Structures are given as C-alpha cells and as structure tokens.
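Participant: My questions all concern the structure below.
The values are calculated or read from the model by the stated rules, or taken from the named source; none is laboratory data. Just so it is clear, the model here is predicted, and its values are computed rather than measured. FYI the Cβ positions are ideal-geometry reconstructions off the backbone, even for glycines, and counts take in every protein chain you see. The area values use the complete protein model at the heavy-atom level, side chains included, leaving out ligands, DNA and RNA. Shrake-Rupley method; radii C 1.70, N 1.55, O 1.52, S 1.80 Å.
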Amino acid sequence: MIKHLLNVNHVNKYFGGNVAISDVCFSVEEKQIFGLIGPNGAGKTTMFNCLTGYYPVSSGDIVFDGKKINNRRPDEVCRLGMARTWQRVKPLGSLSVLDNVMVGAFAVTRSLHTAEKMAREQIHVVGLDDYAAQLAGSLPIGLKKKLELARVLATKPKMLLLDEICGGLNHTETWAILDIIRSIRNSGTTIVFIEHDMKAVTSICDRIVVLNAGEKLAEGTPAEITSNRDVIEAYLGGGHHA
Ligand SMILES: Nc1ncnc2c1ncn2[C@@H]1O[C@H](COP(=O)(O)OP(=O)(O)OP(=O)(O)O)[C@@H](O)[C@H]1O
Ligand SMILES: [Mg+2]
C-alpha cells in the first residue's frame, strides 16, 4: 500500500495582510522525490518554513508520518525525522567540515563517538572525505552545498527538504548533486526539492507541485507539468506567446 509520509491540508500563511500561502494541499509519498516549484515569491520557502516549524501556519493542517506537526518547534520536527537545507547555505565557517556535520548528528545523539561516526558516514555519502579537516568557510560554493547535505543527512531524516540546493552551481556541480540526491532516495529517504532549474527538476522528480503567488497552480508528473498551459504562462509571464 502507498504510504503518504507528508500531508499538507488547506494550509494558509499570512504575513499581516499579505497572503504568502493560500489554501495549499498536497501529499508526498514515501520514497518520492517531490518537486515544489514556482516563480520568485511563490511561497516555496515559506512552505518549508511552515513544515519545519520556523513559522506557525495561519490555518490548515500538516501531518507528517501520521502525526500532526502544525506549529511544533523546529527541533521537535527535526527529531520526528524532517530535516531541511537553507536557500542560503549557512555552514559554521570557522569549524571544520567534520565538526559542522557532527553538529547535525548531535540532533539525534549525545555521544561524541557516535556523532563522529555518523558524520564521517555522511561525509562519505556526499564525497567530502578529503575535506573533512578543512575549515567549512574555505570551501567553494559547490562543496559548501555538499556539506549542507551531509549536515542534514547526519540527523537521519525520513524526509529531506532541499531549498535550491543546486542554486549557484554550474552544470557539472548540479548533476553531481542530483546523483547524490538519487542515491539518498534509493537508500530510503523521501525528498522534497525546491528548484528553479527546470531541467534538474524534471530529470529528478517523480511528481511536482507548482505554486504561483501563494496558490497551487498545478500538480502532476514532470511531463504533465511541462506541458501545462497555466504553468507555461506563469513562467513566461503570460501574453508573450501564442
Ligand atoms: N518573514 C516574512 N515576513 C513577511 N513576508 C514574508 C516573510 N517571508 C516570506 N514573505 C513573503 O512571502 C512571499 C513568499 O516568499 P517565499 O520566500 O516563500 O518565496 P519563494 O517561492 O521561496 O521565492 P524564491 O524563489 O525567490 O526563493 C513573498 O511575498 C515574501 O515577501
Ligand atoms: Mg525561496
């Protein structure tokens, strides 16, 4: 039977009088790579902030792994198994790569020995073994993104929310990250993926939801989404094409 790991039911998020998310519903199946796309300001990052407890929702329900998680604290949501990366990478620059990843592991263990073991495993998954002792602040952006991935993987998430993990990367770096994301999914982790690069999105996602100005505009397979007229309009800014 198909299991939905995440259900987003009629979620609204207002900032004062501004509607950032308007009555959005979607469900993510276990082990899916699920794309959340849309033009700038569509509400993608706000949705992640609501899912992970950084913002309270204004109304609606978020159910993760059978538990209602609306308005729980970020650390509680993390311990339940939902982890996220940030649109702007935030490594602790003056700490080593290993120490940065251990910070992630400390979300789920208090043992220094276990944390180091877990951190080294994830450093290996993202291919940063040769950089473990290097200061995080000295890494180029492509490696910082891999570090960000290793750090959240070290929390042993059931679901990983990736906010523009390919942003600022060149083609080769993007494809390397996509390969790592596929291997993470193949080892059993469900992924929700925010990304502007449509080629990356359509190559990796099983299913996609499109947000536009806070509303759900479309949902479907990559083929359905790329041929959807409303989606094309939203991206090309309507009226400029037949
Ligand atoms: N803390 C906040 N206070 C007020 N308004 C906010 C806040 N966070 C987001 N918004 C507003 O919510 C809307 C959605 O923003 P959000 O950052 O979620 O968009 P996005 O889809 O992630 O865009 P981008 O692709 O540019 O990252 C925008 O109008 C934004 O200004
Ligand atoms: Mg964003």
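Participant: When you go through (1) free of Cβ contacts under 8 Å to residues at least 12 places away in the same chain; (2) part of a helix (DSSP H, G or I) one by one for G142, which number turns out not to apply?
Facilitator: It fails just one condition, (1).
Participant: Based on what the data block shows, is P39 touching a residue at least 24 places away in the same chain (Cβ under 8 Å), surrounded by 15 or more Cβ atoms within 10 Å (Cβ to Cβ) and either within 16 Å of ligand 2 (Cβ to nearest atom) or of a type in the set (S, T, Y) (or both)?
Facilitator: yes
Participant: Before we move on, is G43 at pLDDT 95 or above, at positive phi and under 15 Å from the mean Cα position of the chain (by Cα)?
Facilitator: Yes.
Participant: Going by what's in this entry, would D23 be described as acidic (D, E), over 16 Å from the mean Cα position of the chain (by Cα) and part of a strand (DSSP E or B)?
Facilitator: yes
Participant: What tally of residues in region 142-198 results from selecting those that are under 14 Å from the mean Cα position of the chain (by Cα), under 20 Å from N40 (Cβ atoms) and surrounded by fewer than 17 Cβ atoms within 10 Å (Cβ to Cβ)?
Facilitator: Summing the residues that are under 14 Å from the mean Cα position of the chain (by Cα), under 20 Å from N40 (Cβ atoms) and surrounded by fewer than 17 Cβ atoms within 10 Å (Cβ to Cβ) in region 142-198 gives 2.
Participant: Moving to a separate point now. List the pairs whose first member sits in region 43-65 and is more than 25 Å from H196 (Cα to Cα), whose second member is of a type in the set (V, I, T) and open to solvent by less than 10 Å² (accessible area, probe 1.4 Å), and whose Cβ atoms are under 6 Å apart, counting only residues at least 6 apart or on separate chains?
Facilitator: Within 6 Å, the pairs are G60/V11.
Participant: Let me ask something additional. Against the definition (over 30 Å from V8 (Cβ atoms), open to solvent by 10 Å² or more (accessible area, probe 1.4 Å) and not polar (S, T, N, Q)), how does A133 come out, yes or no?
Facilitator: In short, yes.
Participant: Pull up region 1-22, narrow it to residues that are within 15 Å of ligand 1 (Cβ to nearest atom) and open to solvent by 80 Å² or more (accessible area, probe 1.4 Å), then point me to the one that is farthest from T45 (Cα to Cα).
Facilitator: N18
Participant: Have a look at S94, S27, S58 and point out the one that is modelled with pLDDT of 95 or more and surrounded by fewer than 17 Cβ atoms within 10 Å (Cβ to Cβ).
Facilitator: The match here is S58.
Participant: Among the residues of region 28-67, what is the count of those that are out of contact with any helix residue (DSSP H, G or I) (no Cβ under 9 Å at 6 or more places or on another chain), part of a strand (DSSP E or B) and over 15 Å from L211 (Cβ atoms)?
Facilitator: 4
Participant: Can you tell me which of (1) assigned to a helix (DSSP H, G or I); (2) at pLDDT 95 or above; (3) not hydrophobic (A, V, I, L, M, F, W, C) is the one D75 doesn't meet?
Facilitator: (2)
Participant: Just to be sure before I move on: is V231 within 16 Å of ligand 1 (Cβ to nearest atom), open to solvent by less than 60 Å² (accessible area, probe 1.4 Å) and touching a Gly at 6+ places or on another chain (Cβ under 6 Å) in the structure I sent?
Facilitator: No, not satisfied.
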